[in-house]
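Only one structure is covered here, and it is reproduced in the block below.
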Amino acid sequence: MSNTDSFIDEVTEEVRRDRLFALMRRYGWIAVLVVILLVGGAAWNEWRKASARASAEQLGDAILSALEQDDSQERVTALDAIEAPSPGGKALLNLLKASEQAGAGDDAGARGSLDAISADSDVPEIYRQIAAFKALTRGNADMSAADRRLRFEALATPGSPVRVLAEEQLALIDIETGDTEAALARLQAILEDAEITSGLRLRATQLIVALGGTPVETSAG
């Protein structure tokens, strides 16, 4: 009986091996493909990281070279010649270009560079809002107070990185249009805002005093 059992076990094992080899011949390519995809994916990910790092370094070198030019107009021209590899890089270039244009007295050009950022839907929202704010505060004499108010109100929404600064600009528009009471209320609200900076606190306090009001001391900020 022991010899018979041993023979049956050997036959069973052979059948199992035959089935395993058959399965490997039929489906083994799937395992090979999975391995290739895993190895290839890891390699591609490393290449992508290296490529992004190289692009960022190349952009940084080009920017530094452009900013080493002798005057603002030459720096603007050099920045214009740089090809940004990403929307964020393009936004950075336009911010730098706007700064140089402003330094050269070209307010219209600076606003154009900033508007290009705020209008680009591919650019991260934080850059778009900062650019929109800077454009509104630069050479806006040709824009009515009502139009400026609408645009600053759009930037004074919760979550905006320039919300409190936009509120300050709205207070200045209140002063410009003769609504002192509204300006005082808005400035006091700024003083009570948890996101206020020390510089903005000082400016708001000085404006309240200049308008004949009394700043209310708070623990905000």
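When restricted to residues that are assigned to a helix (DSSP H, G or I) and in contact with a Gly (Cβ under 9 Å, 6 or more places away or on another chain), the stretch 68-89 contains 3.
Looking at Gly105, Gly88, Gly112, can you tell me which residue is closer than 24 Å to Thr137 by Cβ and at pLDDT 85 or above?
Matching residue, one of Gly105, Gly88, Gly112: Gly112.
For the stretch 177-200, which positions are β-branched (Val, Ile, Thr) and either within 21 Å of Ala146 (Cα to Cα) or part of a helix (DSSP H, G or I) (or both)? Matches in the stretch 177-200: Thr177, Thr180, Ile190. When the stretch 171-211 is filtered for residues that are without any contact (Cβ under 8 Å) to a residue 12 or more places away in the chain and farther than 17 Å from Ala156 by Cβ, the ones remaining, listed by number, are Gly178, Glu181, Gly199, Leu202, Gln206, Val209, Ala210. Filtered by the rule that a residue be closer than 21 Å to Pro124 by Cα and touching a helix residue (DSSP H, G or I) at 6+ places or on another chain (Cβ under 8 Å), the stretch 57-85 gives Leu59, Ile63, Leu79, Asp80, Ile82, Ala84, Pro85.
Select, from Glu125, Glu68, the only residue that is within 27 Å of Arg151 (Cα to Cα) and open to solvent by 70 Å² or more (accessible area, probe 1.4 Å). Just a single option satisfies the conditions, and that option is Glu125.
Need at least 3 residues that are out of contact with any Lys or Arg (no Cβ under 7 Å at 6 or more places or on another chain) and within 22 Å of Leu207 (Cβ to Cβ) per element, so show me which helices (runs of 4 or more DSSP H) inside the stretch 90-172 make the cut, counting only ones lying wholly within it. By residue number, 145-155.
For the stretch 122-153, give me each residue that is within 12 Å of Ala91 (Cβ to Cβ) and of a type in the set (Ser, Thr, Tyr). Result: Tyr127, single match. Among residues of the stretch 61-75 that are among the small types (Gly, Ala, Ser), those with a beta-carbon under 6 Å from a residue that is part of a helix (DSSP H, G or I) at least six positions away or on a different chain give the pairs Ala66/Arg75; Ala66/Ala78; Ala66/Leu79; Ser72/Glu100; Ser72/Gly103. Of the residues making up the stretch 98-155, those that are within 15 Å of the chain's Cα centre (by Cα) and β-branched (Val, Ile, Thr) are Ile117, Val123, Ile126, Ile130.
For the stretch 192-207, enumerate the residues that are farther than 16 Å from Gln169 by Cβ and among the aliphatic types (A, V, I, L, M). Residues satisfying the conditions are Ala194, Leu202.
Do you know which of the residues in the stretch 145-198 that are under 26 Å from Ser118 (Cα atoms), in contact with a helix residue (DSSP H, G or I) (Cβ under 7 Å, 6 or more places away or on another chain) and polar (S, T, N, Q) is least open to solvent (accessible area, probe 1.4 Å)? The qualifying residue least open to solvent (accessible area, probe 1.4 Å) is Ser160.
The values are calculated or read from the model by the stated rules, or taken from the named source; none is laboratory data. Nothing here was measured: the structure is a model prediction, and the numbers come from that model. Every residue, glycine among them, receives a Cβ derived from its backbone with ideal geometry; neighbour counts consider all protein chains shown. Side chains included, ligands, DNA and RNA excluded: accessible areas come from the protein's heavy atoms. Shrake-Rupley method; radii C 1.70, N 1.55, O 1.52, S 1.80 Å.
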